[in-house]
Structures are given as C-alpha cells and as structure tokens.
Amino acid sequence: MTESELLIDLKAGSETAFRRFVDTYQSRVYNLAFRLLGDRDEADDVAQEVFAEVYETIGQFRGEAAFSTWLYRITTTQSLAHLRKKRTRKRFAFVTSLFGTSNELLHDPPDTSQPEQLLVQTEADQLLLRSVSQLPDTQRAAFTLHYMEGLPYKEVAVILQTTVSAVESLLHRAKRQLRTKLQPYYADVSNGN
Amino acid sequence: MNESTPLNDDNRWEQRFSQLGELPPETPRPFFYTRLQARLEQQQATGWTPIWLRRPAYALSAFGLIVVLNAGALFYYSDSATTTDDVTTYDGFVADYQPTNSIDYVNE
C-alpha cells in the first residue's frame with residue numbers, strides 16, 4: 001500500500017489503516033520525541049499524543065507538505081510544548097504542588113535508557129547529547145532534525161514553520177554554543193588528561 | 001573521528017555532529033498500539049473537558065478572587081456613600097443653608 005492510499009484510508013476512518021500507519025511511523029515519531037525530550041516515558045507519552053492528534057486531525061491534512069514532514073511537525077511541536085510545560089511546572093513547583101491533583105514528577109527523572117544502549121554510546125556521544133539537550137528549544141529542534149534525523153535545511157524550515165535562512169542561523173548559533181562547551185573536553189582528551 | 005584528535009576546524013566539528021545521526025534509533029516499548037488505543041478510548045469516553053473542570057482549584061481560586069474584589073469594592077463604595085449621606089442629613093442642610101427659625105405669618 002502506498003502512502004497516498006494509506007492516507008485515503010486514514011481519512012475514511014479505517015482502523016486497519018490507522019494501525020498500519022502507527023506500525024509504520026511509531027519508531028520515527030518516538031525516536032524524534034526521545035531525542036528532543038531525553039526521557040523514554042515522556043517520549044512514549046508524546047508519541048501517543050502525536051498519533052492521537054493525527055487520528056483527530058487527519059481530515060485537515062491537505063497534502064501541501066509531505067506526510068512525514070507533517071508528522072515531524074506535529075511531533076516537534078508536541079515535544080517542545082511538553083518541554084515548556086515541564087519547565088513551567090518546575091518553575092512553579094511549589095504552587096502547582098498545592099494545586100495539582102495528580103502526583104506528577106516535578107524533578108528530573110533519572111536516565112532510563114537501556115543499559116545496552118548506554119554501552120553503545122561512547123562517553124563523547126553522551127557528553128554531546130547532554131550539551132544538545134541544554135540548547136534553547138528552537139536551536140535544539142533544528143539541530144536534532146538536521147543532524148540526528150538527517151533532514152535537509154528546507155525540510156527543517158517547513159517543520160519549524162520558518163525560513164531556510166532562519167534555520168541556518170539557528171544551526172550556526174547551536175554549533176557555536178556546542179563548540180564553546182565541548183572544546184575544553186576535546187582539548188583535555190587530546191592532551192591525555 | 002578519533003576522539004583524541006583536537007577539534008579545531010569546521011569540517012571536523014561538522015563530521016562530529018553528523019555522527020549523531022549514526023546512533024541506533026530508540027524504539028518504543030512493546031504494545032505501543034495497545035497503549036495508544038486505550039488512550040484514544042479513554043479520550044472518547046471522557047470527551048473534551050474545559051480546563052477549569054480539569055483543575056477545579058484554579059476555578060475556585062479565580063472565583064474567590066472575584067468575591068474578594070467585589071467585597072472590597074462594596075466596602076469602599078459603602079464607606080464613601082456614608083460620607084455623602086452626611087451632607088444630606090438635617091445638620092448638613094442647616095450648615096449649608098443656615099435657615100432662620102422664625103416663621104413670618106404675614107397674611108394672618
């Protein structure tokens with residue numbers, strides 16, 4: 001079944017098509033959410049939200065962009081919104097603890113990546129990933145989409161709903177920050193410290 | 001790229017960043033679709049609820065604030081109304097117009 005056929009069936013409300021759609025895209029959506037959020041549970045939650053939104057708004061998809069681009073846009077938007085909510089919750093942790101009805105986590109949960117996954121990642125990779133997670137939201141999104149998902153500037157611009165030159169600027173600033181942060185580490189390594 | 005090589009030029013940094021794309025992709029836990037289905041069913045069952053219904057504490061706080069503001073306004077205006085009433089009392093009238101107590105019955 002081609003993507004356009006799948007899309008037609010999805011718009012018709014076929015549950016089989018929706019299941020096939022989820023099976024096809026769940027890894028990509030989850031992976032992007034995980035790269036942006038850095039937490040498995042949160043990525044799972046956001047990935048579910050993304051598919052729920054697709055389920056509800058598939059009728060609004062007009063095919064102006066590629067289907068995968070549209071999906072990436074929803075995932076990025078949901079992930080960044082999740083990050084903003086998390087930061088707001090942290091900032092007003094005391095107030096929300098008074099008002100909150102659910103027992104939501106207000107602290108940074110430990111890294112729950114699988115042990116074998118950690119073994120695959122080198123120390124340098126982990127350091128780089130940690131530095132990326134400290135970038136401002138839009139820079140982080142642009143960097144993740146371009147370097148980790150391998151998307152060209154043009155597609156990143158469509159996903160972030162901005163211009164190509166704005167994406168270039170975001171990436172330039174992101175790389176400059178990462179270089180400043182990581183330069184001492186690489187200098188230490190090269191000196192044998 | 002060798003980690004022991006100092007990263008000085010743009011190309012090496014570019015290469016280093018691009019290596020992140022080679023990391024093995026993260027995959028969701030098993031039974032993702034089942035969890036998603038349960039979420040969708042729950043959403044359909046509960047339907048859409050406004051935020052003030054999901055977090056009644058905020059609605060109650062806002063209501064409390066409105067009550068306090070109204071009470072404050074009531075107190076303020078009732079206080080100022082009392083001072084204006086003073087002017088309309090008999091003493092105020094006398095002080096303003098100073099009428100004489102004598103009544104002339106000219107025609108009698």
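Within the stretch A:44-54, the set of residues being in contact (Cβ under 8 Å) with a residue 24 or more places away in the chain and either surrounded by fewer than 19 Cβ atoms within 10 Å (Cβ to Cβ) or facing chain B (nearest Cβ under 9 Å) (or both) comprises A:45, A:47, A:49, A:51, A:53.
Residues A:91, A:62, A:40: which one is in contact with a helix residue (DSSP H, G or I) (Cβ under 7 Å, 6 or more places away or on another chain), of a type in the set (Lys, Arg) and outside the structural domain of residue A:156 (by TED's automatic domain parsing)?
A:40
Of the residues making up the stretch A:117-175, those that are of a type in the set (Asp, Glu), within 16 Å of the chain's Cα centre (by Cα) and part of a helix (DSSP H, G or I) are A:137, A:155. Scanning the stretch A:126-149 finds no residues that are over 24 Å from residue A:44 (Cβ atoms), exposed (fewer than 14 other Cβ atoms within 10 Å of the Cβ) and modelled with pLDDT under 85. Looking only at the stretch A:140-151, decide whether some residue is more than 19 Å from residue A:34 (Cβ to Cβ) and either in contact (Cβ under 8 Å) with a residue 60 or more places away in the chain or away from every other protein chain (no Cβ under 14 Å) (or both). The answer is no, given that none of the residues of the stretch A:140-151 is more than 19 Å from residue A:34 (Cβ to Cβ) and either in contact (Cβ under 8 Å) with a residue 60 or more places away in the chain or away from every other protein chain (no Cβ under 14 Å) (or both).
With A:2, A:57, A:16 as the choices, which residue is over 22 Å from the mean Cα position of the chain (by Cα), surrounded by fewer than 17 Cβ atoms within 10 Å (Cβ to Cβ) and within 14 Å of chain B (Cβ to nearest Cβ)?
The conditions single out A:16.
The condition of being at pLDDT 85 or above and aliphatic (A, V, I, L, M) holds for only one of B:87, B:67, that being B:67. Among residues of the stretch A:173-184 that are closer than 15 Å to residue A:130 by Cβ and more than 11 Å from chain B (Cβ to nearest Cβ), those with a beta-carbon under 6 Å from a residue that is hydroxyl-bearing (Ser, Thr, Tyr) and buried (at least 17 other Cβ atoms within 10 Å of the Cβ) at least six positions away or on a different chain give the pairs A:181/A:131. Restricted to the stretch A:20-43, and to residues there that are among the polar types (S, T, N, Q) and surrounded by fewer than 17 Cβ atoms within 10 Å (Cβ to Cβ), the residue that is farthest from residue A:150 (Cα to Cα) is A:24.
The values are calculated or read from the model by the stated rules, or taken from the named source; none is laboratory data. Everything numeric in this text was worked out from a predicted model, so none of it was measured. Positions of Cβ are generated from backbone atoms using ideal geometry, with glycine treated the same way; all protein chains shown enter the neighbour counts.
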